[in-house]
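Bear in mind these aren't lab numbers, they're just calculated from the coordinates by the rules spelled out. A quick note: this is a predicted structure, and the numbers were derived from the prediction, not measured. Note: ideal-geometry Cβ built from the backbone for every residue, glycine included; neighbour counts use all protein chains shown.
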Amino acid sequence: MSDMEQQGTAGTAGINQDVPHSARVWNYWLGGKDNFAADRAVGDQFAELYPDITVVARTSRAFLTRAVTFLTAECGIRQFLDIGTGLPTVDNTHQVAQAAAPEARIVYVDNDPMVLAHARALLTGTRAGATEYLDADLHDPGAILALAGRTTLDLSKPVGLILMNILGHVGDLAEAAAIVRRLMDAFPSGSYLVTADGTNVLDGPAFEQAIAVWNANAPLAYHLRTPEQIATYLTGLEIVEPGLVPCARWRPDPAASEADLRPVDEFGAVARKP
């Protein structure tokens, strides 16, 4: 039984435990405990069809850690807007950023009540910086920007926008790209985009079959995209080397083993607004 199940109605108000949710399934794949039987069931069924999904989850989180460290330590970014953050696990954006710059300010955005409850309880940062959670929807970037700019972020200064495994939930590719443009247009030169999503080029048939199981069981569908399609999110931005690559290959730790560097169907990139 998970921690949330033990908390009962105080921790699960407004949460449908019988319907799997991507944030909770992702939490399960990362070894977390904040998930329900329905999440674990579809997560196990998914992993049977595509065993590399746990590798995808781990390499995605490691890519986020390296990207945020790069933006904070090397690019001087002190503000982050992390949309679709999911459930807190380890090496969350604020922890990574504030380890390098305690004054960093982070705004998380999600619209799942379980994520909301956990984020407000657990996503606490340094006294020098700020950490805030907003209950908002990716499909309404104007509302996200208005709330973030009114509370924690100074949108006249560079921002690091984090969109990890969230744009695949937007069914129309053109709409997904338009959301990215709307958000990046609100930030000044020197801002950055960090993004990654599932692809279908390395082990496409197995991943596609597993995604079909997910889409048949969950209310919010996910769409695998080719690297070329993901690249449309980066239009007009300066892509940081090594470009859009499998997440494990983006500026890996020099001590990484060959197993750590094995590419799977999760491509990511970091790009700068000129």
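Could you give me the percent of Cα pairs per 5 Å distance bin for the stretch 13-83, shortest bin first, beginning at zero and ending with the bin that holds the maximum distance?
Calculated over all Cα pairs of the stretch 13-83, the distribution is 3, 15, 20, 18, 13, 13, 9, 6, 2 percent.
List the extent of the Cα atoms of the chain along each of their three principal axes, largest first, rounded to whole Å.
Over the chain, Cα extents along the principal axes are 44, 43, 39 Å.
Hey, what's the Kirkwood Rh for the stretch 52-183 if you take every pair of different alpha carbons, in angstrom?
Values: mean 1/r = 0.0666 Å⁻¹.
This gives a value of 15.0 Å.
For the chain, give me the percentage of DSSP beta bridges that are antiparallel, rounded to the nearest 5 percent.
Numbers: 11 of 31 bridges.
Restricted to the chain, the bridges split so that about 35 percent are antiparallel.
Near the amide H of Leu134, under 5 Å away, which other amide H atoms are found, from residues 5 or more places off or on another chain, if H is placed in the peptide plane?
Tyr108, Val109, Asp110
What distance in nm lies between label points placed 7 Å from Cα along the C-beta direction at Ala174 and Ile239?
2.3 nm
Measuring from centroid to centroid over Cα atoms, what is the spacing of the stretch 259-274 and the stretch 50-90 in Å?
That distance is 11 Å.
Does the stretch 217-260 come out rounded, prolate or oblate by the C-alpha gyration tensor, with a ≥ b ≥ c the root eigenvalues, rounded set by a/c under 1.5 and, if not, prolate when a/b is larger than b/c and oblate if not?
Details: a/c = 3.30, a/b = 1.30, b/c = 2.54.
Judged from the Cα gyration tensor, the stretch 217-260 comes out oblate (a/c at least 1.5, b/c at or above a/b).
Report the paramagnetic label zone for Ala128: residues of the stretch 55-75 whose backbone N is under 15 Å from a point 7 Å from Cα along the Cα-to-Cβ axis.
Correct set: 72-74.
Counting only GluC sites (Glu not before Pro) that are in a DSSP loop and have at most 15 other C-beta atoms within 10 Å, tell me the longest site-free stretch of the chain. Please list the in-between numbers first.
Values: sites that count: Glu103, Glu258.
Answer from the scan: 104-257.
In whole Å, how far is the Cα centre of the stretch 127-172 from that of the stretch 200-226?
26 Å
Among residues other than Gly171 whose Cβ falls under 14 Å from its Cβ, what is the net charge (Lys/Arg +1, Asp/Glu -1)?
-2
Quick one: length gained pulling Asp185 to Ala259 fully straight, 0.36 nm per residue minus the C-alpha distance?
Here the segment from Asp185 to Ala259 would lengthen by 22.8 nm.
Report P(r) for the stretch 139-267: all Cα-Cα distances, bin width 10 Å, range 0 to the bin holding the largest distance, values in whole percent.
With 10 Å bins starting at 0, P(r) equals 11, 37, 33, 17, 2.
For Glu266, list long-range residues whose amide hydrogen, built 1.01 Å from N in the peptide plane, is under 5 Å from its own amide hydrogen.
Sorted by chain and number, the residues that satisfy this are Thr199, Cys247.
Which is the longest part of the chain that has none of the trypsin sites (Lys or Arg not before Pro) sitting in a DSSP loop with at most 16 other Cβ atoms within 10 Å? Walk me through the numbers on the way to the answer.
On the way: sites that count: Lys33, Arg127.
So the longest stretch without any such site is 128-274.
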